[in-house]
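First comes the structure, then the notes that go with it.
The values are calculated or read from the model by the stated rules, or taken from the named source; none is laboratory data. The shown structure was predicted, so the numbers you read here are calculated from the model rather than taken from an experiment. Note that each Cβ is placed from the backbone with ideal geometry, even for glycine, and that neighbours are counted across all protein chains shown. Accessible surface is based on the protein model in full, side chains and every heavy atom, while ligands, DNA and RNA are left aside. Shrake-Rupley method; radii C 1.70, N 1.55, O 1.52, S 1.80 Å.
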Amino acid sequence: MTKGLRSGLILALFACSAFAADDVVSAVQGTVGAIDKTAKTVAVKTADGTVYTVHFAGKTTEHGAEATAHGAKDAFLSMKEGDEVVVHYTEKGAVKTAREVDHIGKEGLHASEGAVKSVDRAAKTVTVKTADGAEETYHLTAEATRETAKGLDKVGKVTVYYTEESGKKIAHFFKSQS
């Protein structure tokens with residue numbers, strides 16, 4: 001009886017850890033390639049040539065100039081081949097599902113470079129010192145908050161991709177320059 005209970009608890013722990021691992025959010029930056037409107041998938045090619053196929057769900061959000069123009073429409077509908085994007089996704093098995101799409105480049109999010117000075121996890125802000133010595137404080141989106149848990153304060157130089165809303169700079173993605 002005790003042996004059976006112990007085995008059951010061990011299996012339950014493994015199951016819980018497997019589900020927890022599925023909720024990890026990753027991000028990929030690249031250029032939109034093939035778009036399959038039937039399967040709701042997009043191929044994103046990174047600078048090193050790796051291609052990620054990402055599935056879109058109705059809950060995917062997007063940021064950038066095109067996102068504002070499309071309002072509440074599905075993020076998938078506004079993507080075009082050649083768009084520069086950062087896709088934040090979860091992975092279950094071999095399936096990557098987009099949670100957020102950030103359009104970057106000419107008509108996308110703003111970009112700023114500098115060195116991370118501080119991370120305030122309680123206030124959900126990051127302060128970056130720019131090359132000219134100015135300090136900029138960025139408020140974090142949910143996805144950016146998850147990134148800061150990955151040691152952003154130890155990264156050093158970064159490119160911050162952000163929007164401006166109600167006089168605040170909202171960071172959506174950080175790219176290490178190291």
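Once the gyration tensor of the Cα atoms in the range 97-177 is diagonalised, the equivalent ellipsoid follows with semi-axes of 18, 15, 13 Å, ordered largest first. Solvent-accessible area of R99, all protein chains in place: 80 Å² (probe radius 1.4 Å, heavy atoms, ligands and nucleic acids excluded). Loop-located GluC sites (Glu not before Pro) in the range 104-178 (DSSP state not H, G, I, E or B) with no more than 14 neighbouring Cβ atoms inside 10 Å: E107.
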